[in-house]
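The structure under discussion appears below in the form of C-alpha cells.
The values are calculated or read from the model by the stated rules, or taken from the named source; none is laboratory data. Predicted, not measured: the structure shown is a model, and the values here were computed from it. For neighbour counting, all protein chains shown are included, and Cβ atoms are generated from backbone atoms with ideal geometry for every residue, glycine included. Heads up: the accessible areas ignore ligands, DNA and RNA and are worked out on the full protein's heavy atoms, side chains in. Shrake-Rupley method; radii C 1.70, N 1.55, O 1.52, S 1.80 Å.
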Amino acid sequence: MKPDLDSARRELAPTGTLRVGVAVSPSPSAIFVIRDGGALRGVTIDLGRALAASLGVPVTFVEYRSEEHTSELQSRLHLVC
C-alpha cells in the first residue's frame, strides 16, 4: 500500500515546513544532538532532514536543553525527537 504523501505532509508539516524539536547535549548519542561549530549534528538531524526531503518540504530544527520543555514543545512543533 502506497502512503498518502499529501496526507503525511498535511499532518507533519501543516505550515509547509517540518519543525523538529531536538535535544542538544555536550556529547552526541542516538537521542541527543551536538552543536559542531555553528551547525547541529547527530542522528536526529539526519532523520529530520531525510523526512523533510521525502515530504518535499523544508525543515527547521528547534533546540531544547531539558526534558522539562518536551510537553511545551510538543504543543508547538510537528515532531519532537
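Taking 0.36 nm per intervening residue step and subtracting the Cα-Cα distance, what contour gain separates Leu5 from Ile34 on full extension? Walk me through the numbers before you get to the answer.
Working: separation 29, 0.36 × 29 = 10.44 nm, distance 3.07 nm.
Taking 0.36 nm per residue and subtracting the Cα distance, the gain is 7.4 nm.
Report the FRET efficiency, 1/(1 + (r/R0)^6), for Ser54 and Thr15, where r is their Cβ-Cβ distance and R0 is 22 Å, rounded to 0.05.
Working: r = 17 Å, r/R0 = 0.79.
Working from the Cβ atoms, E equals 0.80.
Of Ile31, Ile45, which has the most accessible area and how do the rest follow, probe 1.4 Å? Please list the in-between numbers first.
Values: Ile31 105, Ile45 0 Å².
The ordering from most to least exposed comes out as Ile31, Ile45.
For a protection proxy built on the mean count of beta-carbon atoms within 10 angstrom, sort 33-42, 15-24, 54-63 highest first, please. It would help to have the intermediate numbers written out before the result.
Values: 33-42: 13.4, 15-24: 18.0, 54-63: 15.1.
Top of the packing list down: 15-24, 54-63, 33-42.
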